[in-house]
1. Among the candidates G8, G26, which residue alone is closer than 17 Å to T117 by Cβ and out of contact with any Pro (no Cβ under 8 Å at 6 or more places or on another chain)?
2. Using the structure shown, decide if V103 is over 16 Å from E6 (Cβ atoms) and hydrophobic (A, V, I, L, M, F, W, C).
3. Run P115 past the list (1) closer than 17 Å to Q3 by Cβ; (2) outside any loop (DSSP other than H, G, I, E, B) and report the number of the one that doesn't hold.
4. Open to solvent by 60 Å² or more (accessible area, probe 1.4 Å) and charged (D, E, K, R) - does that describe any residue in the stretch 13-20?
5. Counting only residues that are closer than 18 Å to C22 by Cα and open to solvent by 70 Å² or more (accessible area, probe 1.4 Å), which one in the stretch 97-108 is modelled with the highest pLDDT?
6. Taking the stretch 27-68 on its own, how many of its residues are without any contact (Cβ under 8 Å) to a residue 60 or more places away in the chain, open to solvent by 40 Å² or more (accessible area, probe 1.4 Å) and of a type in the set (D, E, K, R)?
7. So, D90, is that one charged (D, E, K, R) and in contact (Cβ under 8 Å) with a residue 12 or more places away in the chain or not?
8. For the stretch 3-12, what are the residues that are surrounded by 17 or more Cβ atoms within 10 Å (Cβ to Cβ) and more than 15 Å from the chain's Cα centre (by Cα)?
Amino acid sequence: QVQLVESGGGLVQAGGSLRLSCAASGGTFSSYHMGWFRQAPGKEREFVAAITWSGYPTYYADSVKGRFTISRDNAKNTVYLQMNTLKAEDTAVYFCAAGRSWVRTAKEGYNYWGPGTQVTVSS
């Protein structure tokens with residue numbers, strides 16, 4: 001059983017940056033592929049980025065490609081999402097997820113989820 005806790009969310013102006021962290025415990029973090037998803041009010045949860053257990057390759061939604069970077073530190077049991085050039089439409093609750101299979105965008109393929117952290121981008 002893996003427990004995930006996100007942190008680093010907050011309020012930022014458009015054009016600014018935030019770095020989200022997701023700390024894992026209770027399992028072998030380095031054996032899991034990791035993903036970031038987000039959910040805006042009234043919308044479906046959508047894929048943002050994914051990274052394999054080794055850190056390569058990575059995969060991004062078109063809407064964040066070139067602005068967001070996913071990375072991981074297996075020694076610290078943590079996955080990160082660096083978000084630059086933020087836009088109002090990036091406002092959402094951001095969730096990290098852990099999966100045994102490399103499913104990339106399919107949220108149904110992830111086995112464990114964190115409670116989420118709110119990101120609000122003011123325009």
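1. G8
2. Yes, satisfied.
3. Tallying (1) closer than 17 Å to Q3 by Cβ; (2) outside any loop (DSSP other than H, G, I, E, B), P115 fails exactly one: (2).
4. Yes - at least one qualifying residue is present in the stretch 13-20.
5. Checked the stretch 97-108; the qualifying residue modelled with the highest pLDDT is R100.
6. 5
7. yes
8. V12
The values are calculated or read from the model by the stated rules, or taken from the named source; none is laboratory data. These numbers come from a predicted model, not from an experiment. Because the Cβ atoms are built from the backbone with ideal geometry, glycine has one as well, and the counts that use them run over all protein chains shown. Heavy atoms of the whole protein, side chains included, go into the accessibility calculation; ligands, DNA and RNA do not. Shrake-Rupley method; radii C 1.70, N 1.55, O 1.52, S 1.80 Å.
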